[in-house]
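So the structure is just underneath, and the comments pick up after that.
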Amino acid sequence: MGVNYSSTPQGTEDWKCERSGLITASNASKIMGTGQTRDTYLYQLAAERLGGPDAMEQNFSTDWMRRGNELEPQARAAFEFEKVLAVDEVGLATNDDYPGCGASLDGLIGTDMAVEIKCPKPGTLQRYRNTGKLPGNYRDQITFQMLICDLEAVHFWAWHPACLTSEKFQPFHLYIERDPKACKAMAEKIREANAKIEEYMQ
């Protein structure tokens, strides 16, 4: 029982198949909302649960999203160096207590802490530093990760290669502790989403 981590490397075709039909952390904000965006997402998951990986939609990605994926190993190394923390790369996480869900961490620290890495455009990184806050969708993503992976805290780390060459350009780091109230609300939304998916599958 509890949290299970797959040995399949993230980003591979097998990893994509493992995610088929699962509510995932990157889409947590969709189940927290209402309306067409939520319904479209749940209909797609219903189709994937019925049809398997062949029913999956092609992932949309921009040049900046692809660049972020390419930069992630450098950002992870920078985080380990600056925070003096060892980060383990893990596969898809599932939890017996939350069936139909999965979370892919950017890195696991020990057994109850993780790092969420973003490699945004320079202007976006500077905005994070100026406001000291996270967009709501990232907050939902991290709450979902905490729930599925049974985490007590997550380090949010936003980084850009310019951080290596300019003393004035710094990464953004935010230490986020588990919020029982937010986790309880997320758990309820997961229950409602799974029930709706089952309804759509009928």
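The values are calculated or read from the model by the stated rules, or taken from the named source; none is laboratory data. Keep in mind the model is a prediction, meaning the values are calculated, not measured. Here the Cβ positions follow ideal geometry from the backbone for every residue, glycine too, while neighbour counts run over all protein chains shown. For the accessible areas, the whole protein counts, side chains as well, though only heavy atoms, and no ligand, DNA or RNA atoms are used. Shrake-Rupley method; radii C 1.70, N 1.55, O 1.52, S 1.80 Å.
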Against the condition of a type in the set (Gly, Ala, Ser), farther than 30 Å from residue 199 by Cα and surrounded by 12 or more Cβ atoms within 10 Å (Cβ to Cβ), how does residue 55 come out, does it pass?
no
For residue 169, work out the one condition from (1) at pLDDT below 95; (2) out of contact with any Cys (no Cβ under 6 Å at 6 or more places or on another chain) it doesn't fulfil.
(2)
Number of the condition not met by residue 184 [criteria: (1) open to solvent by less than 70 Å² (accessible area, probe 1.4 Å); (2) without any contact (Cβ under 8 Å) to a residue 12 or more places away in the chain]:
(1)
Give the residues of the stretch 12-25 that are open to solvent by less than 50 Å² (accessible area, probe 1.4 Å) and within 15 Å of the chain's Cα centre (by Cα), sorted by residue number.
15, 19, 22, 23, 24, 25
Can you tell me which residues in the stretch 101-127 are open to solvent by 20 Å² or more (accessible area, probe 1.4 Å), modelled with pLDDT of 95 or more and either part of a helix (DSSP H, G or I) or closer than 30 Å to residue 195 by Cβ (or both)?
104, 112
Within the stretch 137-154, track down each residue that is buried (at least 21 other Cβ atoms within 10 Å of the Cβ) and of a type outside the set (Ser, Thr, Tyr).
140, 141, 142, 144, 145, 146, 147, 148, 149, 151, 154
Just give me the residues in the stretch 31-43 being open to solvent by 40 Å² or more (accessible area, probe 1.4 Å) and assigned to a helix (DSSP H, G or I), in sequence order.
32, 36, 37, 39, 40, 43
From the list 46, 28, exactly one residue is under 16 Å from the mean Cα position of the chain (by Cα) and either assigned to a helix (DSSP H, G or I) or not hydroxyl-bearing (Ser, Thr, Tyr) (or both). Which is it?
28
Residue 61 versus (1) surrounded by fewer than 17 Cβ atoms within 10 Å (Cβ to Cβ); (2) modelled with pLDDT of 95 or more: which is the lone unmet condition?
(2)
Quick one: would you say residue 151 is outside any strand (DSSP E or B), in contact with a Lys or Arg (Cβ under 9 Å, 6 or more places away or on another chain) and modelled with pLDDT of 95 or more?
yes
Cross-chain or 6+ apart pairs with Cβ under 8 Å, the stretch 17-36 first and among the hydroxyl-bearing types (Ser, Thr, Tyr), then not in a helix (DSSP H, G or I)
20/56; 24/101; 24/102; 24/103; 24/104; 26/104
